[in-house]
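Heads up, the thing below is written out as C-alpha cells.
The values are calculated or read from the model by the stated rules, or taken from the named source; none is laboratory data. Worth saying up front: this structure is predicted, and the values here are computed from it rather than measured. Every residue, glycine as well, gets a Cβ built from its backbone with ideal geometry; the counts of neighbours run over all protein chains shown. Quick note on the areas: whole protein, heavy atoms, side chains included, nothing else; ligands and nucleic acids left out. Shrake-Rupley method; radii C 1.70, N 1.55, O 1.52, S 1.80 Å.
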Amino acid sequence: MADLTIQNLTKTYDAKMAVDHISMTIKAGSFVAFLGPNGAGKSTTVGMVCGLVAPTSGQISLGNLAIDSTSYRAKLGVVFQDSVLDRDLTVAANLKLRAQMYAHIDAAWQQQLIQHFGLSDFVTQKYGTLSGGQRRRVDIVRALLHQPAILILDEPSTGLDIQTRRIIWATLADLRRDMGLTVILTTHYLEEAQSADFVYIIDHGAIIAADTVANLTRQYAAYQLKLTPIDASKLLQQLQAQGLKAKSDHQTISVAVPTAQAALAVLNKCQDLLADFECRPGDMNDIFMALTGKAVH
Amino acid sequence: MLAFTKRNLTLYFGNRATVFFSILGALIAFILYLVFLRNTVISSIPIPNVSAVLDPWLIGGTLTIVAITTSQIALSQMIMDRQQGRLADFIMTATPYWQIQGAYLLGAVLISFMMQILVGIIMYAYFGLVDGIAIPWSVLPQVVLTALLSSGVWTAFNLLIFSFVEKATTASQLSTIVGTAAGFFAGVYIPIGGMPAFAQTISKFTPAPYNSALFRQLLMDPVLNQKFSGHLTGARATLTQHLGVTIALQQDLANWQVVSVLMGFLAVFVILALIFSKHSRLAAVSRV
C-alpha cells in the first residue's frame, strides 16, 4: 500500500486562511493524529484529503491514484464529525444501503465488523434511537464496510463516555494489527493523541510541530512536580538554589523538571521541607502550552 | 442507484407526518375551494348541473398543485442530506454523483406520481359520494401518463430552484411561497379567464396552467361532450377558455400541443439544472 503524500496544501476562504501550506507523508499502516483546538483547520484538511473540499493550492496523492477518482475514494473510510446515517432507518438498513452503494461488499467481513464493534444487540433498532456511543460504533462500522486502506476519524470521541472510547480504540488497534490499516485521527483530546505513532500539532491552519509523542514529550513536556511545603519560603529558597523556576499557587508550589530522575533528585533534596507531593509526566496539553503559550481549550 | 431511490422512498413514506402534510397541503386547495370559492365560480357559469363540470375541473387543477408541492417536499430530502453532511458520505461511496442525483430525481418523480394518484382517488371518492360523479375510466391511461409527465416537469422545476438552496429552512420557506403561488398559477382559486390579462400572460410563462389544462381536457371531455353537442360548440369554446381547460397562445392549443409545451418546459428546466449543477455540487460538499 502506498503512502499518503500531502504537499503544500492550502485552503483560503475569502480572506481567511484555513489551511496554510501543510505538507506531510503518512506512512501506510501508521497511526497519526492531528491535534489542535477547534477551528485550527483540522476538519478542512480532512475534507481536502477526502476530496470533498477543493484545495486552493497544493497536492494530495496516494500512490498514483487521482484524488477525484472512485478508486481513490474507495481507499478511504471516513467517520465524519457529525453522524451521517439516517435516523429513521434501522442500523441494518443503514449499513445495507451503504453496502449497496459500493460495487462489492464482503458480507462475511460486514458480519465480522458488527461482532467486533458489538452492534449485534441493536442492529434492528432505528439509528436515531441509539445512544451517542452506539451511534459512533455504527459510524465506524459504516466507514470500514468497504475495507479501506486508510481510516479517517474526525473528532470521533466528542461526547463519548470513557468505556465506549476504550472499546473503539481497542478494536481499532486490533484492526490495525490485522489489516495494516492506516489511521488518521483529528482530535482536541490530548489523551487520544497519546497513542498515535506520530502527531501533527496544528494551529491557525499551520503545522507548528510534528514528531513522535515520545520526542514531543521529551522536548516540550517536562515532568510536573506539585509540592505541598511545610515551610513555603524555605522551600522556595531551596528550589531557587537548585536553579529551578518555582511557581507558588495557594498551598502548593509547582516546578517543572526535564526527567523522572531530576524529579527524584529534587524530592530527595527537599525531603525535610515537604508535607506532600504529586508528580506527573508531561502530557499533550503541556506540549501545546509550551508551543503556543495557550491551552488547547 | 435503485437502492438509493428506495431509501428516499422509504424515508418519505416512513415518515407519517411528511405524508400527512403532503396530502393536507394538496387537499387544502381543494378544501378552501369547497368552503370559500365554489359558490362564486358556480354562479359565474350559467349551465344546469354545473357540479358535473366543475368537480373534474377542480380535480384537474388540484392534481397540478399536488405534482408541484409533493415533488418539492420529496426533493427537500436532498437539501437536508446536503446540509447535514450525509451527501458528503454518499459521495465517498463508489456510486457516482450523477447516479446519486438521479436517484433523488427518480424518487421525487415516483413520490409525486404516487401522491397524485392517491389524492385523485380521494377527490373522486368525495365527489362520487357528494355529487355522484364517476371516474372517467376510458381516459385513465392518458391521465396516468399526464400524472407522470407532470411529476417529471415539476421535479425538474424544483431541482432547478433547489440548485441555489443550501439550507433546509430556506427550502421550507420556498415551499410555502411555491405552494401558495401554485394554486393561482394552476388556475384553481380563480379560473384563468377571471384573471386580469397581465396575470394570464404571466402564468402562461409557467407550466402550471398547461398542466391543469391537460388534466382538465382529459377529465372533463366526457361531460363536456354530453353537455355541448352540435350547435353549442361556440359556447363550449368560451367556457373551456374561461375555465382554463384550453389555453390559447394566439389560438387554442390542441391536446398534443399542450403536451409539447410541457415537454419543452421539462427540457428547459433540465438544461438549466445541468448548467447550474456545478454550483450545486460545490454546495453539496463544501460544508466540511
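Which condition from (1) within 9 Å of chain B (Cβ to nearest Cβ); (2) open to solvent by less than 50 Å² (accessible area, probe 1.4 Å); (3) out of contact with any Cys (no Cβ under 6 Å at 6 or more places or on another chain) is the one that residue A:36 breaks?
Every condition holds for residue A:36 apart from (1).
Look through A:275, A:265, A:256 and report the one residue that is of a type in the set (A, V, I, L, M, F, W, C), assigned to a strand (DSSP E or B) and surrounded by fewer than 16 Cβ atoms within 10 Å (Cβ to Cβ). If you could, list the steps in order and put the result at the bottom.
Numbers: A:265 fails: assigned to a strand (DSSP E or B); A:256 fails: surrounded by fewer than 16 Cβ atoms within 10 Å (Cβ to Cβ).
Answer to the selection: A:275.
Which of the residues spanning the range A:111-122 are over 23 Å from the mean Cα position of the chain (by Cα) and either surrounded by fewer than 17 Cβ atoms within 10 Å (Cβ to Cβ) or within 14 Å of chain B (Cβ to nearest Cβ) (or both)?
We begin by selecting, within the range A:111-122, every residue over 23 Å from the mean Cα position of the chain (by Cα); these are A:111-112, A:114-115, A:119-122.
Of everything in the range A:111-122, those that are over 23 Å from the mean Cα position of the chain (by Cα) and either surrounded by fewer than 17 Cβ atoms within 10 Å (Cβ to Cβ) or within 14 Å of chain B (Cβ to nearest Cβ) (or both) turn out to be A:111, A:112, A:115, A:120, A:121.
Among (1) in a helix (DSSP H, G or I); (2) surrounded by fewer than 22 Cβ atoms within 10 Å (Cβ to Cβ); (3) within 14 Å of another protein chain (Cβ to nearest Cβ), there is one condition residue B:142 misses while meeting the rest; what is its number?
Condition (3) is where residue B:142 drops out.
If the requirement is being of a type outside the set (Gly, Ala, Ser) and either assigned to a helix (DSSP H, G or I) or more than 16 Å from residue A:207 (Cβ to Cβ) (or both), which of these qualifies: A:5, A:44, A:25?
Numbers: A:5 fails: either assigned to a helix (DSSP H, G or I) or more than 16 Å from residue A:207 (Cβ to Cβ) (or both); A:25 fails: either assigned to a helix (DSSP H, G or I) or more than 16 Å from residue A:207 (Cβ to Cβ) (or both).
Answer to the selection: A:44.
Considering the range B:58-112 alone, what residues qualify as being assigned to a helix (DSSP H, G or I), free of Cβ contacts under 8 Å to residues at least 40 places away in the same chain and open to solvent by 10 Å² or more (accessible area, probe 1.4 Å)?
Our first condition is that a residue be assigned to a helix (DSSP H, G or I); within the range B:58-112, this holds for B:58-83, B:86-91, B:97-112.
Imposing the further condition that a residue be free of Cβ contacts under 8 Å to residues at least 40 places away in the same chain reduces the set to B:81, B:86, B:89, B:98.
Result: B:86, B:98.
Mind counting the residues in the range A:75-104 that are open to solvent by less than 50 Å² (accessible area, probe 1.4 Å) and either touching a residue at least 40 places away in the same chain (Cβ under 8 Å) or within 9 Å of chain B (Cβ to nearest Cβ) (or both)?
Total satisfying the criteria: 19.
Could you give every pair whose Cβ atoms fall below 8 Å, whose first residue belongs to the range B:11-22 and is of a type in the set (Gly, Ala, Ser), and whose second residue is open to solvent by 30 Å² or more (accessible area, probe 1.4 Å), counting only separations of at least 6 or pairs across chains?
That search, which allows pairs on different chains as well, returns B:14/A:88; B:22/B:73.
Given the structure, is residue A:226 part of a strand (DSSP E or B) and open to solvent by 50 Å² or more (accessible area, probe 1.4 Å)? Steps first, answer last, please.
Values: part of a strand (DSSP E or B): yes; open to solvent by 50 Å² or more (accessible area, probe 1.4 Å): yes.
The answer is yes for residue A:226.
Would you pick out the residues in the range A:53-74 that are assigned to a loop (DSSP other than H, G, I, E, B), open to solvent by 40 Å² or more (accessible area, probe 1.4 Å), more than 10 Å from every other protein chain (Cβ to nearest Cβ) and not charged (D, E, K, R)? Write out each step before concluding.
Going residue by residue through the range A:53-74, those that are assigned to a loop (DSSP other than H, G, I, E, B) are A:53-56, A:63-64, A:66-69.
Narrowing further to those that are open to solvent by 40 Å² or more (accessible area, probe 1.4 Å): A:54-56, A:63-64, A:66-68.
Still in the running and more than 10 Å from every other protein chain (Cβ to nearest Cβ): A:55-56, A:63-64, A:66-68.
Result: A:55, A:56, A:63, A:64, A:66, A:67.
Which of (1) open to solvent by less than 50 Å² (accessible area, probe 1.4 Å); (2) in contact (Cβ under 8 Å) with a residue 24 or more places away in the chain; (3) under 30 Å from residue A:172 (Cα atoms) is the odd one out, the single condition residue A:220 does not satisfy?
Condition not satisfied by residue A:220: (1).
Given the range B:174-269, what helices (runs of 4 or more DSSP H) lie entirely inside it while holding 1 or more residues that are at pLDDT below 90 and open to solvent by 50 Å² or more (accessible area, probe 1.4 Å)?
Numbers: elements: B:197-203, B:208-227, B:233-243.
Qualifying helices (runs of 4 or more DSSP H): B:208-227, B:233-243.
Among the numbered criteria (1) under 30 Å from residue B:51 (Cα atoms); (2) in a loop (DSSP other than H, G, I, E, B); (3) among the β-branched types (Val, Ile, Thr), which one does residue B:117 miss?
(2)
Of all residues in the range A:147-178, which are among the basic types (Lys, Arg) and surrounded by fewer than 16 Cβ atoms within 10 Å (Cβ to Cβ)? It would help to see each step written out before you state the result.
Within the range A:147-178, the first condition is being among the basic types (Lys, Arg), and the residues that meet it are A:165-166, A:176-177.
Hits for the range A:147-178 are A:166, A:177.
Here is a check on your reading of the model: is residue A:175 in contact with a Gly (Cβ under 9 Å, 6 or more places away or on another chain), farther than 26 Å from residue A:277 by Cα and not aromatic (Phe, Trp, Tyr)? Lay out the reasoning, then the answer.
Values: in contact with a Gly (Cβ under 9 Å, 6 or more places away or on another chain): no; farther than 26 Å from residue A:277 by Cα: yes; not aromatic (Phe, Trp, Tyr): yes.
Answer is no for this residue.
List pairs: first residue in the range A:40-52 and within 14 Å of residue A:68 (Cα to Cα) and facing chain B (nearest Cβ under 7 Å), second residue among the basic types (Lys, Arg) and open to solvent by 10 Å² or more (accessible area, probe 1.4 Å) anywhere in the structure, Cβ distance under 8 angstrom, at least six positions apart or on different chains.
A:50/A:73
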